[in-house]
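These notes are about the structure you will find just below.
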Amino acid sequence: MHLASSRQLQGLLPSWVVSAAALTTRSTLKGARLIPPSLMYAFCFSMQAFREHQQQQWLPCTWQQLDTEVRTAQRRSRDLSQWQVRLRAPVQQLEQLWKLRLQDRVPFQYLIHTAHWRDLILSVGPGILVPRPETELMIDLAATAIAANSDLAAAPWADLGTGSGAIAVGLAKLLLQQSGLNAVGKQHAGDNGPPHRQPQVTLPKVLAVDLSPTAVAYAAANAERCGVRNTVEVLQGSWFEPLQQQKGFLGGILSNPPYIPRVQMEGLQAEVGRHEPWNALDGGPQAGLDSLQVNKLSACC
């Protein structure tokens, strides 16, 4: 069976609209399948809507929903020749992104400039470590500590080596929740009395520190994006250096420092070793605990 290229496909339809028959692996329609099998996975995730003819309004759909609709239509011997699918991006762009993912092993999060972490949607890109699911537990650890000592929620906290700002933003949301405040410092509905009786409230504070200017920019943008810019203060510097005046006054410190022994760096999977920043991964020549030891000494001294 002949497989048309994305350039040929673009000549048939607008770049963001393709024939439903082209995306149906079991289509009974005569003619060539327009989408190579190697690109089918990418198209599954780029599905946006479909329609049965050009005069019909677009109907939002997922790949699974479209597949069900097409199979049902085929069983009823309905004509699918006019069915169209709208994609989230032009075909040629999807093809290029898919090659970057498969051949260059670029992290998926870099390609879509997005990482999902806890209940957050964060911006990420080259130069930023993609936040890992394991670090989500750090917010739970902070919640446990605050539950045991509620005074900790009133003190500033620090996130050292903030990267994308994931931990700082997650921590800010936790502290706001524990304080009964929203992101702008107002009490939640039902908790506040008449305006003239409202007490002055102080927002919790999270100090997010990173040496990388790229990380500082991303962390600040993510704090803004997630609605906690008034709670998260992003500082550029190495570990505790920008926080000298805060020693002894912090409620807690969270950090996910580099911890991979240097000897293991060359053996990392391609997505990590080729593309993610080594300064966020390389834990030093010994057991990979160099940055952790620096943090420990700085906090104590």
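Taking N as the residue count of the range 62-145, its C-alpha radius of gyration divided by 2.2 N^0.38 Å amounts to 1.66. Estimated at the nearest 10 Å², the accessible area of residue 274 is 150 Å² with a 1.4 Å probe. If the segment from residue 279 to residue 57 were pulled out straight at 0.36 nm per residue, it would be longer than the present Cα-Cα gap by 74.9 nm.
Write down the Kirkwood hydrodynamic radius of the range 233-287, to one decimal in angstroms, obtained as one divided by the mean of 1/r over all alpha carbon pairs. So the Kirkwood estimate lands at 13.4 Å. Using the 1.4 Å probe convention, the accessible area of the range 217-288 works out to 55 Å² per residue with neighbouring protein chains retained.
Hydrodynamic radius of the range 80-119 by the Kirkwood approach over all distinct alpha-carbon pairs: 12.2 Å.
Over the range 141-183, the ratio between the Cα radius of gyration and 2.2 N^0.38 Å evaluates to 1.12.
Using the Cβ-Cβ distance between residue 71 and residue 224 with R0 set to 41 Å, the FRET efficiency from 1/(1 + (r/R0)^6) comes to roughly 0.35.
The values are calculated or read from the model by the stated rules, or taken from the named source; none is laboratory data. Small disclaimer: the values here were computed from a predicted structure and weren't measured. Positions of Cβ are backbone-derived with ideal geometry, glycine not excepted, and every protein chain shown enters the neighbour counts. Side chains included, ligands, DNA and RNA excluded: accessible areas come from the protein's heavy atoms. Shrake-Rupley method; radii C 1.70, N 1.55, O 1.52, S 1.80 Å.
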